[in-house]
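*Asks:* My structure is below; once you've seen it, I'll send some questions.
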Amino acid sequence: MDRTSPKPATSQATSQATSPAKPATAAAAKGTSSTSSAGYRRAAAPAPKKNSGPHWLKRLLARMPPLLPSACALCGAEGREILCAPCHKRFYTRQHRRCIQCAMPMPVTGKELRCGACLKDRPAFDATIVATDYFAPSDQLALALKFGGDLRLAPLLARLIHDASRRNPVPGSDVALPMPSLLAPVPLGRTRLQERGFNQALEIAKPLSQLMGLPLQPQLLERKKETEAQSALPVGARARNVRSAFALPFATMDQVRGLHVGIVDDVMTTGATLNEVAIVLKRHGARRVTNLVFARTLPV
């Protein structure tokens, strides 16, 4: 009988030794650290970067359509509008007689179109349109936008300014203020813009330009130097604080000649900032300057 020689018992061991390494575990596939069969340590996959800017979420929410129920910014009543109809009627439909130049309230029986201060020391700007006076509760809207970062309020303030621009500045008369041919915001300094994350004047000017059907030039003006906050200074120091603070960039120097420029801001107190802006615009040939402001601070 033929005897067959026994097969070597090493074939199974050889196949195991030469087989490829097992694939990485699921944990490694997900980016966690693991050690391969060869002894090398796999580095964790880098986590996706998140937008860590301090203002990105506020800007995102401000641009979302008002699909969810909201509340009135003044009284808190639930509804779809950020300003309810009763609050709008109570605070923003009454018309006061104002100085056509600085928008300071004036006596109803007077015949002058300008207040005594503007007659005595005429500002560089030609007219001012305001939606309301700066007192409760309207001041809370300006504060919530400027310091609270609630950008949802900017279109509301723009709408109220637009409504004011369509009213007669002198009730019961035929006086009509000409409207500007372009709009520009009061610029912020670089440091304050970085701290706040936005320019409240520009946020108001964007929807206002659409409502008025006027072109907007966001970079028409620039702030040459950082200045202290006007609200922190006494009245007498505010004009000095903003003196020579504004300029027209080289690219826009010839864009205002012969034009009527509208300057947008949130609050007007003494008018020193707006006056300095008007001086610069008139120096470069602007024919007329009109301020479009949400709130006017009353004298103490």
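*Asks:* Give me a comma-separated list of calculated 3J(HN,Hα) values for the stretch 183-199, in order, Karplus coefficients 6.51, -1.76, 1.60 applied at θ = phi - 60°, integers in Hz, x for any Gly or Pro.
*Replies:* 10, 8, x, 5, x, 9, x, 4, 5, 5, 5, 5, 5, 7, x, 6, 9
*Asks:* Here's another thing I want to ask about it. If I model a spin label as a point 7 Å beyond the Cα along the Cα-Cβ vector, how far apart are those points for V108 and R80 in nm?
*Replies:* Going by the 7 Å Cα→Cβ label model, 3.7 nm.
*Asks:* log10 I(q)/I(0), Debye, Cα-only the stretch 146-206, no solvent, q = 0.25 Å⁻¹?
*Replies:* Scattering profile of the stretch 146-206, log10 relative to I(0): -1.06.
*Asks:* Which residues' amide hydrogens lie under 5 Å from the amide hydrogen of D133, considering only partners 5 or more residues apart or on another chain, with H built in the peptide plane?
*Replies:* For D133, the qualifying residues are R296.
*Asks:* Also: What size of dipole, in debye to the nearest 20, comes out for the stretch 104-211 about its Cα centre when the only charges are +1 on Lys and Arg C-beta atoms and -1 on Asp and Glu C-beta atoms?
*Replies:* That gives a dipole near 180 debye.
*Asks:* From the cross-link list K120/K282; K146/K282; K89/K111, which pairs have alpha carbons spaced over 23 Å apart?
*Replies:* K146/K282; K89/K111
*Asks:* Of all the Cα-Cα pairs you can form in the stretch 66-143, what percent are over 22 Å apart?
*Replies:* Here the long-distance tail beyond 22 Å is 42 percent of all Cα pairs in the stretch 66-143.
*Asks:* Divide the volume of the convex hull of the Cα atoms of the stretch 104-214 by its number of residues and quote the answer in cubic angstrom per residue.
*Replies:* Cα convex hull per residue, to the nearest whole number: 135 Å³.
*Asks:* Quote the FRET efficiency, to the nearest 0.05, computed for E195 versus R166 with a Förster distance R0 of 30 Å and r equal to the Cβ-Cβ distance.
*Replies:* 0.25
*Asks:* Shifting gears a bit: Show me 211-218, 156-163 ranked by packing, highest mean number of other Cβ atoms within 10 Å first.
*Replies:* Answer by packing, highest mean first, reads 156-163, 211-218.
*Asks:* Let me ask something else. Rank Y92, Y134 by accessible area, highest first, at a 1.4 Å probe radius?
*Replies:* Y134, Y92
The values are calculated or read from the model by the stated rules, or taken from the named source; none is laboratory data. Predicted, not measured: the structure shown is a model, and the values here were computed from it. All Cβ positions, even for glycine, are placed from backbone atoms using ideal geometry, and neighbour counts span all protein chains on display. For the accessible areas, the whole protein counts, side chains as well, though only heavy atoms, and no ligand, DNA or RNA atoms are used. Shrake-Rupley method; radii C 1.70, N 1.55, O 1.52, S 1.80 Å.
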